[in-house]
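The block underneath contains the structure these notes are about, expressed in structure tokens.
Bear in mind that the values in this text are calculations on the coordinates, not laboratory data. The model shown is predicted, which means the values in this text are computed figures rather than measured ones. We place every Cβ from the backbone using ideal geometry, glycine too, and count neighbours over all the protein chains shown.
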2 protein chains.
Amino acid sequence: MITLYDCATAPSPRRARIFLAEKNVPHETVQVDLRSGEQLGEAFRRINPQCTVPALVTDEGPVLTDNASIAAYLEARFPEPPLLGRTPLDKAEIAGWQWRVEFEGLMAIAEAVRNSSPAMAGRALPGPVGYAQIPALAERGLARLHHFLAVLNDHLAHRDFIAAGQFSVADITAVVAVDFARIVKVKPGEAHPHLLRWREAMQRRGTMG
Amino acid sequence: MITLYDCATAPSPRRARIFLAEKNVPHETVQVDLRSGEQLGEAFRRINPQCTVPALVTDEGPVLTDNASIAAYLEARFPEPPLLGRTPLDKAEIAGWQWRVEFEGLMAIAEAVRNSSPAMAGRALPGPVGYAQIPALAERGLARLHHFLAVLNDHLAHRDFIAAGQFSVADITAVVAVDFARIVKVKPGEAHPHLLRWREAMQRRGTMG
């Protein structure tokens with residue numbers, strides 16, 4: 001049996017959650033309460049010493065603690081439907097967009113929020129090292145995020161999916177990024193009709209919860 | 001026939017070049033002279049409108065212009081030897097480390113150099129939008145880079161390869177990152193014996209040129 005350690009309100013485990021739902025992989029879900037600091041407690045530390053979610057526990061190996069690992073694992077073990085693409089060209093296009101959405105979208109949001117939120121002071125990067133906030137980086141993150149939404153909207157003008165003409169992990173990552181942007185008060189709007197159409201179609205899949 | 005548009009002195013196309021060499025994929029190489037601005041000229045713009053290297057031209061589709069796309073394409077089209085892993089768990093470990101080396105290594109170097117070099121003023125991020133340099137981010141990039149080398153050294157204490165007990169794309173990316181660190185005057189040294197041992201073993205493969 002596969003178990004996903006999840007947190008319903010956090011963007012990173014949401015990527016793994018949608019991936020599992022789209023693959024229709026039988027699994028259990030355990031909620032970890034990040035607000036009360038449950039991830040730092042002894043019980044969860046035994047499951048994932050890095051104290052992060054998502055954490056995917058399988059029956060065959062070490063816990064998987066990042067979305068790159070989780071997607072690679074699930075795609076190989078449960079190939080259908082493919083979410084990383086089937087042909088070499090499809091795989092290429094999906095991998096390329098996945099990287100862009102992570103770098104230009106998710107990372108821009110992380111820069112904006114981690115370098116401005118009082119709650120994140122001294123934790124401007126994830127991981128064990130404490131880094132001070134850089135206010136100019138928060139501003140730049142916000143500018144990048146606005147640019148990213150414009151790029152994505154243009155890209156979707158004549159497309160139903162982010163990459164390779166099919167639903168893929170790039171759509172999952174993009175949905176999570178676009179929705180998570182609200183944490184820095186950015187939402188797609190009238191300037192992004194194609195993005196909004198795509199977002200509504202994604203919602204109708206019923207796996208984005 | 002496959003053609004790699006390359007630049008012998010740049011880190012990003014080096015990743016694609018090593019990947020092709022390790023797969024032993026027959027291909028042609030065309031050098032693009034980034035110093036003279038050849039990538040901005042009309043001839044190269046027709047090949048890759050984004051004016052970047054690496055650019056991989058294949059016989060079956062659009063030019064591939066980033067390392068994520070290139071690795072995914074080549075692995076699918078030329079499966080042997082696998083550089084992204086064979087089993088689900090190997091694929092997971094390799095994808096996870098590949099992401100870490102990109103985010104904690106390559107990105108740290110990029111932050112350090114792009115936010116400090118006079119030649120990069122106004123181009124603190126790749127791509128078409130001009131972003132101003134953030135001196136504090138250059139400093140943070142340098143701190144992250146030193147931390148990354150320490151982490152990698154510890155990780156390699158009892159290992160011959162970065163991930164999954166086998167040579168993989170994670171080793172390629174890590175070699176390129178460790179070598180490229182010299183652009184900000186950082187080199188592994190006495191504090192990194194395991195990293196140096198691994199680096200020497202990588203050199204003996206004869207594909208790292």
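Things worth noting here:
- Taking label positions 7 Å along the Cα-Cβ direction at both A:Arg123 and B:Met1, the computed distance is 5.6 nm, reported to one decimal.
- 10 Å Cβ neighbours from other chains, averaged over peptide B:73-84: 3
- Sparsely packed trypsin sites (Lys or Arg not before Pro) within the stretch A:106-149, loop by DSSP, other Cβ within 10 Å at most 16: A:Arg123
- Of all DSSP bridge pairs formed entirely within chain A, close to 50 percent run antiparallel.
- DSSP bridge pairs, the stretch B:2-77: antiparallel proportion in percent, nearest 5: 45 percent
- Cα convex hull of the stretch B:85-209, projected area averaged across orientations, nm²: 8.5 nm²
- Plainly put, the tip 7 Å out from Cα toward Cβ on B:Ala136 is 0.9 nm from that tip on each other copy, the closest given first.
- Loop-located trypsin sites (Lys or Arg not before Pro) in the stretch B:153-209 whose Cβ has at most 15 other Cβ within 10 Å (DSSP): B:Arg159, B:Lys185, B:Arg204, B:Arg205
- Comment: the Cα-to-Cβ extended label point of B:His194, at 7 Å, lies 4.8 nm from its counterparts in the other copies, nearest first.
- Of A:Cys51, A:Cys7, the sequence from fewest to most neighbouring Cβ atoms within 10 angstrom is A:Cys51, A:Cys7.
- Averaged over the residues of peptide A:60-67, the number of Cβ atoms from other protein chains lying within 10 Å of each residue's Cβ is 4.
- Centroid-to-centroid, using Cα positions, the stretch B:90-162 and the stretch A:118-132 are 17 Å apart.
- Inter-copy label distances for A:Thr3: 5.5 nm (label point placed 7 Å from Cα along Cα→Cβ; shortest first).
- Length released on extending from A:Thr87 to A:Asn24, taking residue separation times 0.36 nm less the Cα-Cα span: 20.5 nm
- Estimated vicinal HN-Hα couplings, Hz - the stretch B:81-87 in sequence order (Karplus 6.51, -1.76, 1.60; Gly, Pro = x): x, x, 10, 10, x, 10, 8
- Chain B, relative contact order in percent, only Cα pairs under 8 angstrom and at least six apart counted: 19 percent
- Across the stretch B:158-165, computed HN-Hα scalar couplings (Karplus, 6.51 cos²θ - 1.76 cosθ + 1.60, θ = phi - 60°) run 10, 9, 9, 9, 5, 9, 6, x Hz from first to last residue, x flagging Gly and Pro.
- Integer Hz, Karplus 6.51/-1.76/1.60 couplings in order for the stretch B:60-74, x for Gly and Pro: 10, x, x, 4, 9, 10, 9, 5, 5, 5, 5, 5, 4, 5, 5
- Selected from A:Leu74, A:Leu89, A:Leu195 as most flexible by GNM, with chain A as the system and alpha-carbon contacts under 10 Å: A:Leu89
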